[in-house]
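Derivation of every value follows stated rules applied to the coordinates shown; laboratory data play no part. These figures come from a predicted structure and were not determined experimentally. Because the Cβ atoms are built from the backbone with ideal geometry, glycine has one as well, and the counts that use them run over all protein chains shown.
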């Protein structure tokens, strides 16, 4: 478990002075759609046009829609088709669906990134194999590491999906603004990331306002760029206004269960107006390594990386976690 005291002064200095970074470009991203799912087809096509992706960067596959979980055998077939048809320059995937979010014991985004690998699963409260992308400096993860990180381009319906895409595109065009809300909650088991909030505040510095709050819910804020909390259900989301490119997530066991979850789904953040989120699809216990580290996520995002890169590089053990959002959003990238 990473705590503030575990961060060396040198690491803190390196994080604080990170230089603007290049990011994955649109032509390096492949959008994967399920031709059996009308929403997947429509959203994938809308996204390809919105981001100006080449036609060959849209790969069509077929599998039964509406299923929360995909079998290992079916996944192996689908991923083999995608890998075979993706241009050699592809560095990452956008999966244009909300279901499935899981491949047996793994999240679907991690399965696409690493291949199905039971070393990335855990039976009970155990750690899993770590990700080579954690803290990585690369901007070409497939070229350098043989990994194509994936993100679900997902929403509860097509209008919300199009709105998500529009927010991601808008984030690249508008000067970044807003506030970071770092919530220390009454749920001790889910509040384990709060120890690092002072470092997040140092990283953000003068660029955004930071609000470290000892409360379970936030109501009425209209300038949300970052929102990190730890609860099984987050109240007040419908009262908030999120800036284009906003990142928000809640540390809990089933946030990545996007259908029929006993806890709040990470899709609730997308519905409320966030541009990206994260949640786990099977019980991870409260290992901080299985959830985004706000320090690393904010550092990479502020350095100009896409939200896909920043999120992936902030999770040490992502095998059980699903990444959701518009992957190319990069509000802090240098503008001409």
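From the square roots a ≥ b ≥ c of the eigenvalues of the alpha-carbon gyration tensor of segment 63-189, which class results: rounded (a/c under 1.5), prolate (a/b over b/c), or oblate? Walk me through the numbers on the way to the answer.
On the way: a/c = 1.34, a/b = 1.17, b/c = 1.14.
The shape class here is rounded.
What distance in nm separates the simple spin-label points at residue 125 and residue 138, each placed 7 Å from Cα in the Cβ direction?
A separation of 3.4 nm, rounded to one decimal place.
State, to one decimal in nm, how far the label point of residue 209 lies from the label point of residue 62, with both points 7 Å from Cα in the Cβ direction.
Output for this residue pair reads 5.4 nm.
Residues of segment 295-326 with the amide nitrogen closer than 17 Å to a label point 7 Å from the Cα of residue 118, along Cα-to-Cβ, please.
319-320
With an 8 Å Cα cut-off and a minimum separation of 6 or more residues, compute the relative contact order for the chain in percent. Show your work: numbers first, answer last.
Numbers: 811 pairs, mean separation 70.5, N = 336.
Taking the mean separation of contacting Cα pairs over the length of the chain, I get 21 percent.
At a threshold of 8 angstrom on Cα-Cα distance, excluding pairs fewer than six apart, so keeping six or more, what relative contact order does segment 177-278 reach in percent? Intermediate values should be presented prior to the final figure.
Details: 223 pairs, mean separation 26.6, N = 102.
Relative CO of segment 177-278 lands at 26 percent.
Most exposed first by the Cβ proxy, i.e. fewest other Cβ within 10 Å, how do 270, 204 rank? Don't skip to the answer; put the middle values down first.
Values: 270 28, 204 19.
Least crowded to most crowded, the residues run 204, 270.
Say R0 is 30 Å: what FRET efficiency, to the nearest 0.05, do residue 173 and residue 221 get from their beta-carbon distance? It would help to have the intermediate numbers written out before the result.
Values: r = 23 Å, r/R0 = 0.76.
After rounding to 0.05, the efficiency reads 0.85.
Post the alpha-carbon centroid distance, segment 74-136 to segment 236-250, in whole angstrom.
Cα centroid of segment 74-136 versus Cα centroid of segment 236-250: 27 Å apart.
Give me the number: length gained by fully extending residue 188 to residue 235, i.e. 0.36 nm times residue separation minus the C-alpha to C-alpha distance, one decimal in nm. Show your work: numbers first, answer last.
On the way: separation 47, 0.36 × 47 = 16.92 nm, distance 1.74 nm.
Stretched fully, the residue 188-residue 235 segment lengthens by 15.2 nm.
Given (i) 41, 23, 20; (ii) 28, 22, 20; (iii) 31, 24, 19, which label gives semi-axes √(5λ) of the Cα gyration tensor in Å as computed from the coordinates?
The value matching this structure is (ii).
Which of the peptides 128-137, 158-167 is most tightly packed, and how do the rest follow, going by the mean number of other Cβ atoms within 10 Å of each residue? Numbers along the way, then the final one.
Working: 128-137: 16.6, 158-167: 18.2.
For the peptides 128-137, 158-167, the packing ranking is 158-167, 128-137.
Hey, for a label at residue 162 modelled as a point 7 Å past Cα toward Cβ, could you say which residues of segment 47-71 have their backbone N under 20 Å away?
Residues 47-53 fall inside that zone.
What is the order of 213, 43, fewest Cβ neighbours within 10 Å to most?
Values: 213 14, 43 27.
Going from least to most buried by this count: 213, 43.
If I stretch the segment between residue 72 and residue 42 completely, what's the gain in nm (0.36 nm per residue apart, minus their alpha carbon distance), one decimal?
Details: separation 30, 0.36 × 30 = 10.80 nm, distance 2.65 nm.
Residue separation times 0.36 nm, minus the Cα-Cα distance, leaves 8.2 nm.
How do the peptides 247-257, 140-150 rank, highest first, by the average count of neighbouring beta carbon atoms within 10 Å per residue? Could you put the intermediate results ahead of the total?
On the way: 247-257: 26.2, 140-150: 18.7.
Averaged packing, sorted descending, gives the order 247-257, 140-150.
When you count, for each residue, the other Cβ atoms within 10 Å and take the mean per peptide, how do 288-297, 76-85 rank with the highest first? Provide the component values of the computation, followed by the final result.
Working: 288-297: 22.7, 76-85: 15.8.
Ranked by mean Cβ neighbours within 10 Å, highest first: 288-297, 76-85.
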